[in-house]
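*Asks:* A single structure is presented below for examination.
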Amino acid sequence: MTLEQMRYLVALVEERSFTRAAERVYLTQPALSVQIRKLEEELGVKLFDRRQGKPTEVGERVAAQARRVLEEVARVKAIARGEEGVFQGPFRVGVIPTLAPYLLPRLLPRLLERYPGLEVSVEEELTPAILQGLVEGRLDAGLVGTEERAPGVQSLPLFSEEFLAYISPGHPLYAKESLHPLEIPLKDTWILSEGHCFRDQVLSVCRPSLERRRVEFQSGDLETLILLVEEVGGLTLLPEVALWTLPRAKRLHLRPLSPPGAGRTVYLLVREGSLKAPVARALGEEVKGVFRELRLKGRERKSVMMGAEVRHGEARG
């Protein structure tokens with residue numbers, strides 16, 4: 001077998017299509033099919049089920065190993081070029097949906113400015129898919145909201161953030177300056193759908209209830225939950241990173257939790273021994289920098305708002 005055949009197999013397994021894989025590796029579809037068949041004949045196994053359009057179980061495993069081989073080849077080339085080669089070429093990151101829209105717009109420009117040779121590819125996925133992508137070698141790094149354990153994957157803490165309640169003006173809790181977690185009724189709380197780690201974290205905070213809400217809806221998007229609170233009523237919990245996109249008027253709906261403590265830690269997932277591990281760690285440092293800056297801006301906004309409220313109260317007096 002050749003390195004090119006391994007590259008063709010990896011492309012086919014990832015694209016799930018001979019047409020798209022052929023375009024990706026700059027071959028005609030018949031030529032790609034011939035190369036995959038030669039590889040299957042040499043190994044004595046079927047790697048891709050052409051009828052179902054997906055790799056076989058052994059094909060997935062062979063492709064995962066082929067990725068590692070190709071990565072080691074890239075490592076040899078990087079050594080020959082010098083370590084600066086590590087910060088060039090493709091870099092694939094998986095990010096959970098409760099982080100992606102808030103961190104990426106600020107993170108990516110910083111990363112690309114500092115490392116102009118990188119070709120960054122970002123996938124918004126749930127934590128299990130990100131972890132699987134790292135194990136299989138399809139991803140170089142992951143940003144998640146829980147500490148994960150898997151063979152060959154490191155979980156490095158980046159920052160911790162608090163949860164805040166976002167409440168409809170019509171809800172009885174809106175009049176309170178802060179909320180105790182046991183005051184938050186689950187029946188009034190909009191939550192994310194199954195599979196989101198943030199859902200489980202919210203469920204661990206809210207007060208259980210045997211009552212069912214009149215409208216059941218579970219979203220995969222925090223912005224949808226915010227709109228539901230505003231238009232339908234109730235409340236939801238938001239991570240601190242989501243607050244920086246809120247305009248001033250919407251920040252009036254926020255209430256801190258007291259006593260503090262409900263929150264999460266954001267982790268960087270890195271493949272141990274990966275050629276791109278230094279890039280992944282550099283990504284982690286950039287994430288820390290973005291969070292520090294945004295938290296500082298958030299505190300400055302909060303001070304301005306509190307001052308405006310005081311002046312407004314004095315004027316009324």
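*Asks:* Name the residues in the stretch 232-276 that are in contact (Cβ under 8 Å) with a residue 60 or more places away in the chain, in a helix (DSSP H, G or I) and not charged (D, E, K, R), would you?
*Replies:* 241, 242, 243, 244, 245
*Asks:* Pick from the stretch 260-282 the residues that are under 16 Å from residue 67 (Cβ atoms) and modelled with pLDDT under 90: which of them is surrounded by the most Cβ atoms within 10 Å (Cβ to Cβ)?
*Replies:* 276
*Asks:* Would you confirm, using the coordinates I've provided, whether residue 19 is farther than 23 Å from residue 72 by Cβ, among the β-branched types (Val, Ile, Thr) and over 28 Å from the mean Cα position of the chain (by Cα)? Working first, answer last.
*Replies:* Numbers: farther than 23 Å from residue 72 by Cβ: yes; among the β-branched types (Val, Ile, Thr): yes; over 28 Å from the mean Cα position of the chain (by Cα): yes.
Answer is yes for this residue.
*Asks:* I would also like to ask the following. Against the definition (more than 22 Å from residue 224 (Cβ to Cβ) and touching a Gly at 6+ places or on another chain (Cβ under 9 Å)), how does residue 134 come out, yes or no? Steps first, answer last, please.
*Replies:* Numbers: more than 22 Å from residue 224 (Cβ to Cβ): yes; touching a Gly at 6+ places or on another chain (Cβ under 9 Å): yes.
Taking the combined requirement at face value, the residue satisfies it.
For every residue, the table says whether it meets (1) over 13 Å from the mean Cα position of the chain (by Cα); (2) in a helix (DSSP H, G or I).
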position	(1), (2)
91	yes, no
103	no, yes
106	yes, yes
110	yes, yes
135	yes, yes
138	yes, no
157	yes, no
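*Asks:* If a residue must be crowded, with 20+ Cβ neighbours inside 10 Å and modelled with pLDDT of 90 or more, how many such residues does the stretch 85-102 contain? If you could, list the steps in order and put the result at the bottom.
*Replies:* Here is the first cut: in the stretch 85-102, the ones crowded, with 20+ Cβ neighbours inside 10 Å are 86, 91, 93-96, 98-99, 102.
Retained after the next criterion (residues that are modelled with pLDDT of 90 or more): 91, 93-96, 98-99, 102.
Looking only at that region, the number is 8.
*Asks:* Given the criteria of a type in the set (A, V, I, L, M) and either more than 30 Å from residue 275 (Cβ to Cβ) or in the same structural domain as residue 65 (by TED's automatic domain parsing) (or both), does residue 150 qualify? Don't jump to the end; show me each part of the working.
*Replies:* Numbers: of a type in the set (A, V, I, L, M): yes; either more than 30 Å from residue 275 (Cβ to Cβ) or in the same structural domain as residue 65 (by TED's automatic domain parsing) (or both): no.
In short, no.
*Asks:* Moving on to the next point. Go through the stretch 136-153 and report how many residues are out of contact with any Leu (no Cβ under 7 Å at 6 or more places or on another chain), surrounded by fewer than 21 Cβ atoms within 10 Å (Cβ to Cβ) and either within 30 Å of residue 187 (Cα to Cα) or touching a residue at least 12 places away in the same chain (Cβ under 8 Å) (or both).
*Replies:* Here the count works out to 6.
The values are calculated or read from the model by the stated rules, or taken from the named source; none is laboratory data. Being a predicted model, the structure only gives us computed values, none of them experimental. Every residue, glycine among them, receives a Cβ derived from its backbone with ideal geometry; neighbour counts consider all protein chains shown.
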